[in-house]
Every structure is written in C-alpha cells, then in structure tokens.
Amino acid sequence: CVLARAAISISIHENLVMNNPWGIFIQDCYCYVYRNTIQESKYGIRTDDTAGEIKENNFIKNRFDATYEKGINWARIRGYELIGRTRWLNNYWDGWPVSLPYPVKGYLYYKIHNFPIRIILCIRYFDWHPAQESYDIPGVN
C-alpha cells in the first residue's frame with residue numbers, strides 16, 4: 001500500500017502495488033501519480049480532497065479501480081467552479097475494452113462549517129483517453 005497524506009506536492013511513480021486493501025490512498029495532497037501498476041487490490045486508488053494528475057498507470061484486476069471524495073465549503077465555491085481538481089489521463093483500465101472515456105466514480109460533498117452534516121452529490125470525473133493496452137513499465141512489469 002502507498003499512503004500519502006497532507007503533503008504540498010508529491011510524486012508517486014514506477015511502483016508495483018498489488019494484493020492490498022488499498023493500492024494507493026492519497027488524502028489532502030497535490031499529487032502526480034504516473035506509470036504505476038496497481039493490481040489485485042480491493043481499491044486500486046482512492047483520492048480524498050486531492051488535486052493533481054493521475055496518468056499512464058495500469059489498473060489490473062482490482063475490485064474497484066478508482067474512487068474519490070472531494071469536499072467543498074462555501075468559501076471555495078464560485079458558481080460551480082471547484083478549486084483543486086484531479087485529472088485522469090491515459091490510464092489503462094483492464095475491464096474497459098473500448099476507446100470511450102472511462103468514468104471515475106466518486107462523491108462531492110458540501111461541509112457545513114464543522115458540523116457532521118454532509119450534502120453528498122454523486123459526481124464522475126473521466127479519463128477521456130484511456131489506453132487500450134497496458135504500459136510496459138521497466139522494473140515494474
């Protein structure tokens with residue numbers, strides 16, 4: 001398992017992560033996750049309140065390849081503009097044999113100050129150009 005939490009800027013790259021409850025778990029970070037193979041885990045990757053790029057990774061035989069939660073509060077809303085977004089780019093998803101965009105399922109929630117009340121919206125990000133073949137990552141595959 002790769003765990004990153006409360007970092008200003010991190011890079012996770014060229015790892016083989018397998019047979020874990022969480023392959024990669026990232027929380028409260030700006031991150032670059034690229035050229036990893038994440039396989040046979042319950043969750044391939046989960047990002048919570050994270051921004052950055054997740055690109056050119058192999059997601060193979062995970063129960064859930066990717067998920068996220070993104071919290072917003074009133075100070076961060078300008079219409080529907082959200083500050084800090086994770087972009088999913090050119091990843092390989094083994095259960096996605098078509099060249100259509102891959103939906104990354106997650107939740108956007110609105111925190112009401114510090115109250116334990118959440119208004120939850122089911123939102124999807126997309127990997128608009130998923131890879132059709134897995135990446136050959138030297139030293140990893």
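Looking only at residues of segment 108-131 that are at pLDDT 75 or above and in a strand (DSSP E or B), we find that the one that is most open to solvent (accessible area, probe 1.4 Å) is ARG124. Under the condition of being surrounded by 13 or more Cβ atoms within 10 Å (Cβ to Cβ) and hydroxyl-bearing (Ser, Thr, Tyr), which residue from segment 89-107 is modelled with the lowest pLDDT? Among those that are surrounded by 13 or more Cβ atoms within 10 Å (Cβ to Cβ) and hydroxyl-bearing (Ser, Thr, Tyr), it is TYR107.
Listed by first and then second residue, the pairs with beta-carbon distance under 6 Å, at least 6 apart or on different chains, first residue in segment 68-95 and closer than 17 Å to TYR32 by Cα, second assigned to a strand (DSSP E or B) and modelled with pLDDT under 55, form an empty list.
Being touching a Phe, Trp or Tyr at 6+ places or on another chain (Cβ under 6 Å) and at pLDDT below 95 is the filter; apply it to segment 14-43 and report the residue that is least open to solvent (accessible area, probe 1.4 Å). Filtering first and then ranking leaves TYR43.
The values are calculated or read from the model by the stated rules, or taken from the named source; none is laboratory data. No experiment lies behind these values; they were computed from the predicted model shown. Please note: Cβ atoms are built from the backbone with ideal geometry, for glycine as well, and neighbour counts cover all protein chains shown. SASA here: full protein model, heavy atoms, side chains in, ligands and nucleic acids out. Shrake-Rupley method; radii C 1.70, N 1.55, O 1.52, S 1.80 Å.
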